[in-house]
Amino acid sequence: MNAKVETHKFQAEVQQVLKLVINSLYSNKEIFLRELVSNASDACDKLRFASLSDQSLLGDDTDLAIEVECDSDARTVTIRDNGIGMTHDEVIENIGTIASSGTRRFLEQMTGEAKKDASLIGQFGVGFYSAFIVADKVTLTTRKAGTDEAWRWSSDGTGEYSIESVDTDSRGTEIVLHLKEDEAELAESYRLRSIVGRYSDHIAFPVRMPAAKPPVAEGEDGDEDESKDDAPEWETVNQAAALWTRAKADISDEEYLDFYKHVSHDFNDAVSWAHNRVEGNQSYTSLLYLPSKAPFDMQWNRDDRKGLKLYVKRVFIMDAAEELLPGYLRFMRGVIDSDDLPLNVSREILQDNPLTRKIRAALIKRSIDLMAKLAKDDHDKYLEFYEQFGEVLKEGPAEDFSNRDKVAGLLRFRSTHQAEGKEADAVCHSLADYVSRMKSAQDKIYYLTADSYRAAINSPHLEIFRNKGIEVLLLTDRIDEWLVGHLPEFDGKPLQSVAQGDLDLGALEDEEEKLDREKQAEESKPLLERVEKSLSERVAKVRVGAGLTESPSRVIAENDQMALHMQRMLKQAGQDIPEQKPTLELNPKHPLVEKAASIEDEKLFADYCELFLDQALIADGATLDDPAAYIKRVNSLLLG
Ligand code: ADP
Ligand code: MG
């Protein structure tokens, strides 16, 4: 061959991923075929779409299909499609690199055990590399539709690949796997046929394999005309009808699960799905899936959203997750096939179209219903799902006002209430659970935001609630502070922070307690004024609060201020927020506070005041501006 052969090194990430794929997916090696057929089907989808605006791309070759064949003597398996194909640069970009920017960081974090975890590997879009599970050499020959240059990519999967220009008559992509010696059995056609049957029945394009040769009749011997073998009779081995167009009753769970892997590019199983046909002034079919594992970059990757494929009259149009689902449902996967949208629908049209608005509203409802149903039918399975996607779901109340209450109903929290059979810190309490456990005199849903469960459960803010047996939700995700800002109430009950405002326990406090507290406040007035004067630089106000029973003091933000926890988070994130002094609440019955009240020495009194404030700040989760001064003061007080 005189054509120039280029040799490239795989991007470092690709090499790592390749190794992981080979090691972790080996026990399930047959999936290589599922992945390659899935890619071939995507390529046919893309060409069919492109041909809507440029019919010439199809030429005479209008029968889009996939061929699978093998040669047991040569130990090869070939997968061929007449889809969109790739240009030279596309081959390098799609096969030689992994685009996602988070990949390197993610790989670095992966340690021993995790590296064996197939569920993690499925997140990269690494389907093509699964070829190397069974092959020690792979060649890919491809010609992009509408061009006449063809390219051959070839690699043994150990660090380098080559690309050269070749001649070919056919459009699309052909992949030849040279099987490893001990994978020879995969080059038997009955074996391939059963794998294709198992994994690719739902593929919408025909998957063809050479028809089985009739057995050699007795009496005839083997030295038959060999040229017969060269032109195999092709036979379609799948149903070749898009799965979602088939009747629900005819689709097995297994088929639904396999189809999920094809649309989602996820190696894990879906948790559940909803398949619906809507007829009326607008007709469409939707098939939505709840995934089981979050992609590694879901948290920060809000922009490049994949996973909801839009078809119009069975023709794949585009990935339209952004147009058809809000950000807080970006983990949903599936297909939507509209009978009414025009085939030439563009993103711009989709974004501002009454038809899409309706479909979008319906998809949101179906997604929420799907989660609500899972929560109802299988509590533990729902919690597993929630562990993966709960934080994203929490963006819902802010993003989607009209579904605020429904989304709020799907959220789960930690709580001071311990659920039976669950760890004390389990994230398993719904707002509805909370409401059902509210005291008869209680009219608010109480919560505390903190950095961790331990900080929350030991917080002085909880003392009075523990004493009175009132449940408090413990919100420990970073997004929670933002969530409660957009969720003023649930089921008609306002959400109230226990660390904010002058605690009004309403009917939860009886007359006697109220009078007692007012009396205390009256009696402590001189002390409060003295403390306020002493701490005037650092606090806005000092008062006797309803909240304390064991600790001498606590800090709170007033209702019209930003929560202290929120202030700290913003500061940590480098935001410049105006300084807001907290309110200090004292517990006049605490021996240390009683002691302070009797101190005449102003310097010593000031030390006590600083101590009350610093301790309250520490318990609230703050870091002190001057920790050394605090330690010095404590030590000198200890020495008396
Ligand atoms: P994914 O399918 O999740 O994108 P893969 O590793 O399976 O990841 O494939 C990587 C990319 O290579 C595909 O997105 C596609 O652009 C390209 N590709 C793979 N197979 C084919 C094919 N048969 N025809 C055209 N492009 C292909
Ligand atoms: Mg793929």
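So that you can scan it fast, the table gives a plain yes or no per residue for (1) outside any helix (DSSP H, G or I); (2) within 13 Å of ligand 1 (Cβ to nearest atom):
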{"site": "THR7", "(1), (2)": "yes, no"}
{"site": "SER27", "(1), (2)": "no, no"}
{"site": "LEU36", "(1), (2)": "no, yes"}
{"site": "ALA43", "(1), (2)": "no, yes"}
{"site": "LYS46", "(1), (2)": "no, yes"}
{"site": "SER56", "(1), (2)": "no, no"}
{"site": "ASP61", "(1), (2)": "yes, no"}
{"site": "CYS70", "(1), (2)": "yes, no"}
Can you tell me which residue among TYR382, TYR386 is touching a Lys or Arg at 6+ places or on another chain (Cβ under 9 Å), aromatic (Phe, Trp, Tyr) and open to solvent by less than 10 Å² (accessible area, probe 1.4 Å)? TYR382
Give the residue that is farthest from THR245 (Cα to Cα), with candidates limited to residues of the range 338-371 that are surrounded by 19 or more Cβ atoms within 10 Å (Cβ to Cβ) and more than 27 Å from the chain's Cα centre (by Cα). VAL345
It is to be established whether one or more residues within the range 279-295 are among the hydrophobic types (A, V, I, L, M, F, W, C), open to solvent by less than 10 Å² (accessible area, probe 1.4 Å), free of Cβ contacts under 8 Å to residues at least 60 places away in the same chain and in a strand (DSSP E or B). yes
Does GLU471 fit the bill of being surrounded by fewer than 18 Cβ atoms within 10 Å (Cβ to Cβ) and among the acidic types (Asp, Glu)? no
Those residues of the range 330-350 that are under 13 Å from SER286 (Cβ atoms) and out of contact with any Leu (no Cβ under 7 Å at 6 or more places or on another chain) come to a total of 3
Run ASN403 past the list (1) of a type outside the set (A, V, I, L, M, F, W, C); (2) surrounded by fewer than 17 Cβ atoms within 10 Å (Cβ to Cβ); (3) touching a Gly at 6+ places or on another chain (Cβ under 8 Å) and report the number of the one that doesn't hold. (2)
Within the range 397-425, tally of residues that are hydrophobic (A, V, I, L, M, F, W, C) and assigned to a loop (DSSP other than H, G, I, E, B): 3
What's the number of the condition ASP81 fails, among (1) within 10 Å of ligand 1 (Cβ to nearest atom); (2) surrounded by fewer than 19 Cβ atoms within 10 Å (Cβ to Cβ)? (2)
Filter the range 250-266 down to the residues that are part of a loop (DSSP other than H, G, I, E, B) and touching a residue at least 60 places away in the same chain (Cβ under 8 Å), then identify the one that is nearest to ligand 1 (Cβ to nearest atom). HIS265
Test: residue in the range 328-337 that is surrounded by fewer than 16 Cβ atoms within 10 Å (Cβ to Cβ) and either modelled with pLDDT of 95 or more or not basic (Lys, Arg) (or both): no
When only residues in the range 617-640 that are touching a residue at least 40 places away in the same chain (Cβ under 8 Å) and part of a helix (DSSP H, G or I) count, which is surrounded by the most Cβ atoms within 10 Å (Cβ to Cβ)? LEU617
Out of contact with any Gly (no Cβ under 6 Å at 6 or more places or on another chain) and either modelled with pLDDT of 85 or more or assigned by TED's automatic domain parsing to the domain that holds VAL68 (or both), is that true of SER272? yes
Being more than 9 Å from ligand 1 (Cβ to nearest atom), farther than 23 Å from TYR260 by Cβ and modelled with pLDDT of 65 or more is the requirement here; does LYS115 meet it? no
Inside the range 497-516, can you point out the residues that are touching a Lys or Arg at 6+ places or on another chain (Cβ under 8 Å) and open to solvent by 40 Å² or more (accessible area, probe 1.4 Å)? ASP502
Picking from ASP614, ASP607, the residue that is part of a helix (DSSP H, G or I), more than 49 Å from the chain's Cα centre (by Cα), surrounded by 15 or more Cβ atoms within 10 Å (Cβ to Cβ) and of a type outside the set (A, V, I, L, M) would be ASP607
Might you let me know whether the range 439-449 holds any residue that is surrounded by fewer than 21 Cβ atoms within 10 Å (Cβ to Cβ), among the aliphatic types (A, V, I, L, M), more than 22 Å from ASN587 (Cα to Cα) and modelled with pLDDT under 95? yes
Pick from the range 165-177, criterion of a type outside the set (Val, Ile, Thr) and surrounded by fewer than 18 Cβ atoms within 10 Å (Cβ to Cβ), ranking: nearest to ligand 1 (Cβ to nearest atom): SER170
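Working only within the range 550-576, note down all residues that are under 26 Å from PRO588 (Cα atoms) and either β-branched (Val, Ile, Thr) or part of a loop (DSSP other than H, G, I, E, B) (or both). I'd like the intermediate steps shown before the answer.
Step one: filter the range 550-576 for residues under 26 Å from PRO588 (Cα atoms), giving 550-561, 563-565.
Across the range 550-576, the qualifying residues are GLU550, SER551, PRO552, VAL555, ILE556, GLU558, ASN559, ASP560, GLN561, ALA563.
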Would you mind telling me which numbered condition in (1) within 16 Å of ligand 1 (Cβ to nearest atom); (2) within 30 Å of ASP54 (Cα to Cα); (3) open to solvent by 10 Å² or more (accessible area, probe 1.4 Å) GLY157 fails? (2)
For the range 91-98, state whether one or more residues are open to solvent by 20 Å² or more (accessible area, probe 1.4 Å), modelled with pLDDT under 85, β-branched (Val, Ile, Thr) and within 16 Å of ligand 2 (Cβ to nearest atom). yes
VAL237 - would you say it is in contact with a helix residue (DSSP H, G or I) (Cβ under 8 Å, 6 or more places away or on another chain) and either over 30 Å from LEU25 (Cα atoms) or open to solvent by less than 40 Å² (accessible area, probe 1.4 Å) (or both)? yes
Taking HIS486 as the residue in question, decide whether it is modelled with pLDDT of 90 or more and open to solvent by less than 10 Å² (accessible area, probe 1.4 Å). no
Only listed residue being of a type in the set (Val, Ile, Thr) and away from ligand 2 (no atom under 12 Å from the Cβ), chosen from VAL37, VAL17: VAL17
Going by the structure shown, is LEU18 within 13 Å of ligand 1 (Cβ to nearest atom), farther than 20 Å from ASP269 by Cα and part of a helix (DSSP H, G or I)? yes
Is one or more of the residues making up the range 564-577 free of Cβ contacts under 8 Å to residues at least 40 places away in the same chain and open to solvent by less than 20 Å² (accessible area, probe 1.4 Å)? yes
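The values are calculated or read from the model by the stated rules, or taken from the named source; none is laboratory data. Remember, it's a predicted structure, so these values are computed and weren't measured experimentally. Note that each Cβ is placed from the backbone with ideal geometry, even for glycine, and that neighbours are counted across all protein chains shown. For accessibility, only protein heavy atoms count, side chains too; no ligands or nucleic acids. Shrake-Rupley method; radii C 1.70, N 1.55, O 1.52, S 1.80 Å.
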